[in-house]
Amino acid sequence: MELLQYDFVQRGLLAGVLIALSSSLVGVFLILRRLAFLGAGLSHFAFGGVALAVLLGVEPFLFSGILTLGVANLIELLRRKRRIGGDVSLAIVFSGGVALAVVLLSLSEGFREDVFSYLFGNVLIVSPYELYLSTGVFLITCAFLLLNFKSLLLMSFNEEMAKVRGIKVMVLNHLFVSLASLVIIVSIKAVGIILASSFAVIPAAAGIAVAKSLRGSLILSALISVLSTVSGILISLHFDLAPGGSIVMVMIAAFTLVVVFKRLI
Amino acid sequence: MREVVRVENLSFSYAGGVKVLDSVSFSIYEGEFLGIIGPNGAGKTTLIKLMLGLLEGFEGKIYLFGKELKKFKEWSRVGYVPQRVAIDRFHPVSVGELLTSVVGHERRLKDLVDFLHMEEMLSRRFTELSGGQQQLVLLGMALSSEPQLLILDEPTAGLDIHSQEHIMELLRELSQNTGKSVVMVSHNLGALFSNADRILAIDRTLRYEGSVQEAESILAHLFGLHRE
Ligand SMILES: Nc1ncnc2c1ncn2[C@@H]1O[C@H](COP(=O)(O)OP(=O)(O)OP(=O)(O)O)[C@@H](O)[C@H]1O
Ligand SMILES: [Mg+2]
């Protein structure tokens with residue numbers, strides 16, 4: 001455990017915990033709004049964005065982040081206008097992003113490695129700048145959820161009842177998907193594009209399956225997420241494994257345990 | 001009697017569809033219990049959603065408490081109980097959370113819980129309740145802002161006879177003792193005819209507006225659909 005003294009380990013743990021908290025809280029509302037697939041859809045879309053950014057020589061996170069924010073709001077717009085359901089748009093965005101990335105990658109071999117590093121991410125090599133980013137997103141998440149808890153609760157239950165109570169449903173929906181895309185973007189850094197959505201889905205699914213209330217689901221989701229992240233990182237250090245994959249496997253184990261345990265009692 | 005809602009020449013069609021409502025005009029008055037009937041697909045839910053500002057792009061005029069719908073802002077004066085569908089059966093929200101999310105004061109919460117006898121339910125998930133209990137909670141949520149106008153879309157659908165009577169009694173009490181206007185869409189004609197003050201029959205156009213007694217006697221001519 002002398003590894004804990006290293007700066008990069010401390011930074012990784014801290015970033016991991018912050019990302020775990022943000023995505024597990026946002027994830028509960030994503031699932032309740034039937035947008036569980038948003039994480040997977042947006043992160044794979046971001047893959048195309050990253051490839052494009054690397055090719056153009058601009059900052060990949062900022063560039064793909066802005067693109068992702070835009071497309072998330074477009075999906076919400078289409079859903080609101082009842083043109084296309086959220087799951088369908090996400091499926092299109094998902095494959096579109098990957099297709100773009102694959103095409104760009106075939107253009108030149110030189111930048112493949114840069115792009116591939118985003119596929120799997122690594123929470124143990126976050127820079128101080130990325131740690132600030134995770135902290136910022138965490139604070140925004142907490143502020144947004146605390147300030148709008150009652151409205152979000154009611155909207156997830158029944159949007160029309162929320163509207164009749166004068167809640168600005170449309171504005172809040174757009175703010176929420178924007179927040180969700182920020183959270184997804186920072187979790188790409190920790191676990192990579194392929195696994196980013198697991199942070200938003202697995203702990204939240206366990207919380208929703210087991211708790212007796214929405215508050216309980218949020219707390220349980222956050223708890224499972226943080227514990228899995230910390231133990232996943234420690235396991236990966238100890239056995240020299242990939243951190244992202246280790247975290248997600250611990251999450252799935254925790255999910256299984258919690259759900260099975262609930263059945264037994 | 002004061003007008004609470006006025007609808008003038010209201011026509012509406014969903015994007016790219018045929019007219020669902022055609023030149024419908026009527027008023028709703030203070031303290032009355034209005035029953036809205038009509039066959040499936042007649043446009044009852046659509047009419048309610050239009051009155052609540054949930055659908056855009058209609059022709060005609062809608063006034064709530066004397067104000068044109070676009071300018072109406074005092075939504076706490078209106079309570080809405082939607083058709084009890086489309087609530088995720090995995091939603092973890094508890095009854096207590098639902099009520100506190102809409103009730104401002106602790107006192108009001110306690111009054112509501114007492115009034116609807118919901119103490120036992122507070123810590124349970126909404127989705128674990130029976131249909132009748134769920135309907136009580138939805139009613140409680142709609143009543144939380146002490147609205148003067150209460151609009152309910154098929155609140156007794158799928159309930160057993162006791163729960164139906166319980167809900168109807170509550171609504172009747174609300175309209176008689178507190179002066180609220182109650183608007184209720186239902187296929188449960190028996191319950192409506194014995195509780196409502198006035199009946200509106202809709203099938204794309206307004207087919208009938210008037211007393212319960214008369215509605216009962218000419219119903220067969222109107223639809224022939226609702227005979228038991
Ligand atoms: N979102 C929608 N988009 C397109 N058409 C719709 C939509 N909702 C309802 N309709 C159509 O509008 C008509 C009126 O529907 P509405 O739900 O208002 O009927 P209703 O009187 O409430 O029926 P029910 O008794 O079955 O609840 C129907 O023909 C229906 O198919
Ligand atoms: Mg209806």
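Observations, loosely collected:
- Among residues that are open to solvent by less than 40 Å² (accessible area, probe 1.4 Å), over 22 Å from B:Glu173 (Cα atoms), out of contact with any helix residue (DSSP H, G or I) (no Cβ under 6 Å at 6 or more places or on another chain) and away from ligand 2 (no atom under 16 Å from the Cβ), B:Leu64 is included.
- If you go through the stretch B:58-110 and pick out every residue that is among the hydrophobic types (A, V, I, L, M, F, W, C), facing chain A (nearest Cβ under 8 Å) and under 19 Å from B:Ile28 (Cα atoms), you end up with 2.
- Screening the stretch B:119-134 for residues that are open to solvent by less than 50 Å² (accessible area, probe 1.4 Å) and at pLDDT 90 or above and picking the one that is farthest from B:His162 (Cα to Cα) gives B:Arg125.
- Subset of the stretch B:42-57 [at positive phi and either near ligand 2 (Cβ under 9 Å from one of its atoms) or open to solvent by less than 10 Å² (accessible area, probe 1.4 Å) (or both)]: B:Gly43
- Where helices (runs of 4 or more DSSP H) sit wholly within the stretch B:153-228, those with at least 1 residues that are within 16 Å of ligand 1 (Cβ to nearest atom) occupy B:189-195, B:212-222.
- Taken together, the residues in the stretch A:164-208 that are part of a helix (DSSP H, G or I) and within 14 Å of chain B (Cβ to nearest Cβ) amount to 11.
- Subset of the stretch A:13-43 (residues that are open to solvent by less than 20 Å² (accessible area, probe 1.4 Å) and aromatic (Phe, Trp, Tyr)): A:Phe29
- Only one entry of B:Lys61, B:Lys44, B:Lys73 meets the criterion of being of a type in the set (Lys, Arg), away from ligand 1 (no atom under 16 Å from the Cβ) and under 22 Å from B:Arg204 (Cβ atoms), and that entry is B:Lys61.
- The stretch B:193-213, subset of a type in the set (A, V, I, L, M) and closer than 28 Å to B:Ser13 by Cα, residue surrounded by the fewest Cβ atoms within 10 Å (Cβ to Cβ): B:Leu206
- Subset of the stretch A:219-239 (residues that are open to solvent by less than 20 Å² (accessible area, probe 1.4 Å) and either within 15 Å of A:Leu25 (Cβ to Cβ) or not hydrophobic (A, V, I, L, M, F, W, C) (or both)): A:Ser221, A:Ala222, A:Ile224, A:Ser225, A:Ser228, A:Thr229, A:Gly232, A:Ser236
The values are calculated or read from the model by the stated rules, or taken from the named source; none is laboratory data. Please read these numbers as outputs of a predicted model, since none were measured by experiment. Cβ atoms come from the backbone with ideal geometry, glycine included; neighbour counts cover every protein chain shown. These accessible areas exclude ligands, DNA and RNA; they are computed on the full protein's heavy atoms, side chains included. Shrake-Rupley method; radii C 1.70, N 1.55, O 1.52, S 1.80 Å.
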